[in-house]
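**Q** The structure follows.
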Amino acid sequence: MSFRQHLNIAVLWVLTAFTVFSVRGAFMGAERAKVFFNSMPMVLFWCLLLLLFIIGFFVYASLRKRWPLTAIHAGCILVLAGGMVGSEKGHPLVDRFLGKSSFTKGTLELRQGQSSNHVELDSGTGNGELLFTVRLKDAFIEYYDKPAIHIQFSDHTHFSVPAEVGKEMALPDNRGTVQVTKVYRNFKLKQVDGRMTPYEADESGSNPAYELVLVPDGKPPETFFVFERMPMHTMGGRDYRAEYVAPRMVKDYKSTLQVIEEGGVVKEATIEVNKPLYYGGYHFYQSTFAYDQTGPVSGISVSSSRGVWVVFVGYGVIFAGLVMQFGSKLLKGVAR
Amino acid sequence: MMMGEMRIKADIQGLLIYLTMAGYLLVFLSAVKFSKLAKVLFAGSFVLSLAALVYRWVVVGHLPMQNMFEVFLFLGFTIWPIHLLSKKILRNDKSAYMMIDAVLGLVVLFPAGYVFNHQPQYLPPALQYWLFGPHVAAYMLAYIFMAKAAVFAAGGLILYHDDRALNNTMADSGYRLVAVGFPLLTLGLFLGSIWGKYAWGDWWGWDPKELWSLVCWLVYAIYLHTRYAWPKRYQIHHVLNILGLVCIVITLLWVNLSKIFSGGLHNYAS
Ligand code: HEM
């Protein structure tokens, strides 16, 4: 057998091994598979694969001369190389080479108004530092459905009104009308002329509340408050209860981020799932979202973009090469 | 999990699917004896499948390619256009090919008609990305071509004998279909990577469904290189071609097959 024939078979073996590893990885689940594919034996395998591609260009004239084939295999090299420099193992290696200090992936947890440049690394190896600061200016959730106030009468009749200042609405069975008359972002009480009076507090914190006026048929109006963070409660002498019903079908999580360098805002953008912010070699993604007593807490995943463009160009080149290679074969009507 | 027990869909959506399937069945029965009639029936079935798809689109208000039901519905709709295209690719217009494609139509519509639940769902945030539709569509088209390639491979294995011309036709047809399917498979992988980068920050996440789609891609790469190394070993080509389809089926159903390995990014089908 000639060297070329040996190499033909070597390629088949290596691709088969790659396939077997991938099947193995699929049974591991994403997290363990990632560790497996970054392990030392696999690093050797990636290098071997890369080497095989390069040897291929020297050994097979067609890979050099027929440019669709050149594109397909050069594209594979690009994807592989781009993946390697951006990987968990490759990233620090490239850093050492460039004399830089960076990280591949981590999480930044910010409350409204908070800023930070410390990123908790996903690898669990401490903190990564950004060379700039990120501030969470605003964070909110968009829903498919709307928040509502749910009113339930003692005979189990119930009724919902949108949780926003609105029109007077008729209750079922001619019971009268109900209307949301005021919305508080931070509801507080204070003494005014000896009476406890609600007001919208300016200080930080949040206690969303709704003022409603219910007019029972033929009786004087009754005012009451519904608090977002309090469950349904009974009100003395009244035959109804009310509670806030949060919307459930999340459409999108959004955070407005500011990038701060040397005291000034250099970039501001609202990120959402599928729409990251890019700055200084990192992409910032909306990752998690929660509420605590102080308001929204936005979990932002930060990931290095190293090698990504090489990978995408590689993919594009492979695809173009494939279309040329097979397109011309099919058009010519020859299968070889 | 959307995979429930087998259930009839007693509504307009179900009716459109069942009518399309009935159409495909008639095409299958008439393809060889009354091929002119079968051609008309095939086109008619396509119109029905288009109606089923458009109906779904209107009901859910977005491109219907977000869950298993919609994916199989879409596959059922691609059968006739791919049938026409395949005649060009294969340079052949045998009525038996129409029969094969009609069966394929029945096979892909069966899960949409009887297995997967079609309750409309709100789209979770991660799926609201414009490349998501093209990503799924590229894969679906690739899968249909690969399924057809596997039919020829199976035919090649079963009918393998001294008839050189027939052996050549089977091997050649299988290759031609892979030659269309493989670039589409690559495109699906590519668009999925872009989407992954935008949605999760990683173009590759080592998630089981990703790895299975890589396995499919690699099996076809092995097939192509085996053809180069041993151009006349048709039986090996055929086996690899069929293995490719087996991997595709595993990829498609992985989330549903393995409830044990949960937590992957691609659980949108559940
Ligand atoms: C995942 C990796 C790879 C992919 C996706 C790939 C893809 C392809 C494709 C699509 C073809 C064209 C087949 C045809 O026209 O039927 C091809 C041919 C070929 N590939 Fe690869 N390839 C890969 C790895 C390699 C490696 C590692 C080598 C060698 C070191 C190699 C060497 C060749 C050769 C020699 C041909 C045949 C060229 C000819 O027809 O003259 N390939 N490859």
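The values are calculated or read from the model by the stated rules, or taken from the named source; none is laboratory data. Worth saying up front: this structure is predicted, and the values here are computed from it rather than measured. Backbone-built Cβ (ideal geometry, glycine too); neighbour counts: all protein chains shown. Each accessible area value is taken on the protein alone, full model and side chains, heavy atoms only, with ligands, DNA and RNA left out. Shrake-Rupley method; radii C 1.70, N 1.55, O 1.52, S 1.80 Å.
**Q** List, in order, the whole-Hz ³J(HN,Hα) value for each residue of region B:155-168 obtained from phi through the Karplus relation with A = 6.51, B = -1.76, C = 1.60 and θ = phi - 60°; use x for Gly and Pro.
**A** After applying 6.51 cos²θ - 1.76 cosθ + 1.60, I find x, x, 6, 6, 8, 4, 7, 6, 6, 4, 4, 5, 4, 4 Hz.
**Q** How large is the accessible surface per residue of region A:197-239, computed with a 1.4 Å probe and reported in Å² as a whole number?
**A** For region A:197-239, the solvent-accessible area averages 58 Å² per residue.
**Q** Specify, per residue and in Å³, the volume enclosed by the convex hull of the alpha carbon atoms belonging to region A:235-336.
**A** 216 Å³
**Q** Step through the residues of region B:38-47 one at a time and calculate ³J(HN,Hα) from phi using the Karplus curve (6.51 cos²θ - 1.76 cosθ + 1.60, θ = phi - 60°), rounding each to whole Hz and writing x for Gly and Pro.
**A** Here the 3J(HN,Hα) series is 4, 4, 5, 4, 4, 4, x, 4, 4, 4 Hz.
**Q** Let me ask another. Classify region A:150-260 as rounded, prolate or oblate, taking a ≥ b ≥ c as the square roots of the eigenvalues of its Cα gyration tensor: rounded when a/c is under 1.5, otherwise prolate if a/b is larger than b/c and oblate if not.
**A** oblate
**Q** Hey, how many Å between the Cα centroid of region A:259-336 and the Cα centroid of region B:174-230?
**A** Result: 19 Å between the Cα centres.
**Q** Please express the Cα-Cα pair-distance distribution P(r) of the protein assembly as shown as a list of whole percents, one per 20 Å bin, running from 0 to the bin with the greatest distance.
**A** 16, 41, 29, 12, 2, 0
**Q** Please compute the net charge surrounding A:SER39, taking Lys and Arg as +1 and Asp and Glu as -1 over other residues with Cβ under 11 Å from its Cβ.
**A** +2
**Q** How charged is the neighbourhood of B:HIS225? Take every other residue with its Cβ under 13 Å from the Cβ of B:HIS225, and add Lys/Arg as +1 and Asp/Glu as -1.
**A** Net charge in that neighbourhood comes out at +3.
**Q** Pop out the ³J(HN,Hα) list for region A:149-159 in order, Karplus 6.51 cos²θ - 1.76 cosθ + 1.60 with θ = phi - 60°, rounded to Hz; leave Gly and Pro as x.
**A** After applying 6.51 cos²θ - 1.76 cosθ + 1.60, I find 9, 9, 10, 10, 8, 4, 8, 6, 5, 9, 7 Hz.
**Q** Going down the list A:LYS267/B:LYS209; B:LYS94/B:LYS148; A:LYS105/B:LYS209; A:LYS89/A:LYS137; B:LYS36/B:LYS88; B:LYS148/B:LYS232, which pairs span over 25 Å between their C-alpha atoms?
**A** Pairs exceeding the cut-off: A:LYS267/B:LYS209; A:LYS89/A:LYS137.
**Q** What do you get when you divide the Cα radius of gyration of region A:86-205 by 2.2 N^0.38 Å, with N the number of residues?
**A** Compactness ratio reported: 1.89.
**Q** Further question on the same structure: What are the DSSP H helices in chain A that stretch 15 Å or more along their long axis, judged by alpha-carbon atoms, and whose average Kyte-Doolittle hydropathy comes to at least 1.0?
**A** Counting only whole DSSP H runs, the qualifying helices are A:3-28, A:40-59, A:67-86, A:308-332.
**Q** Hey, can you grab everything whose amide H is under 5 Å from the amide H of A:GLY166? Only 5+ residues off in sequence or another chain; H modelled, so Pro and N-termini drop out.
**A** For A:GLY166, whose amide H was placed from the backbone, the distant partners under 5 Å are A:VAL180.
**Q** Now a separate question. Could you quote the convex hull projected area for chain A, Cα atoms only and averaged over all directions, in nm²?
**A** Average of the hull's projected areas for chain A equals 29.4 nm².
**Q** Which one, A:GLY316, A:LEU121, A:GLN293, is farthest towards the positive end of the dipole of chain A when Lys and Arg carry +1 and Asp and Glu -1 on their Cβ?
**A** Farthest along the dipole direction, towards plus: A:GLY316.
**Q** Once you sort the root eigenvalues of the Cα gyration tensor of chain B as a ≥ b ≥ c, which label holds: rounded (a/c under 1.5), prolate (a/b larger than b/c) or oblate (the other case)?
**A** oblate
**Q** Separate question: For region A:257-296, what does the relative contact order come out to in percent, with C-alpha contacts under 8 Å and a separation of six or more?
**A** Reported as a whole number, the value is 24 percent.
**Q** On to the next question. Provide the per residue accessible area, probe 1.4 Å, for region A:1-122, rounded to a whole number of square angstrom.
**A** 56 Å²
**Q** Is region B:1-98 best put as rounded, prolate or oblate by its Cα gyration tensor, with a ≥ b ≥ c the root eigenvalues, rounded for a/c under 1.5, and otherwise prolate when a/b is larger than b/c, oblate when not?
**A** Taking the square roots of the gyration eigenvalues as a ≥ b ≥ c, region B:1-98 is prolate.
**Q** Same structure again: Over region A:40-109, what number does the Rg to Rh ratio reach, with both radii from the alpha-carbon atoms and Rh per Kirkwood?
**A** 1.12
**Q** Dipole magnitude of the protein assembly as shown about its Cα centre, charges +1 at Lys/Arg Cβ and -1 at Asp/Glu Cβ only, in debye to the nearest 20?
**A** So the dipole magnitude of the protein assembly as shown works out to roughly 3040 debye.
**Q** I need the calculated FRET efficiency for the pair A:ALA320 and A:ALA61, taking r as the beta carbon distance and R₀ as 25 Å, to the nearest 0.05.
**A** 0.75
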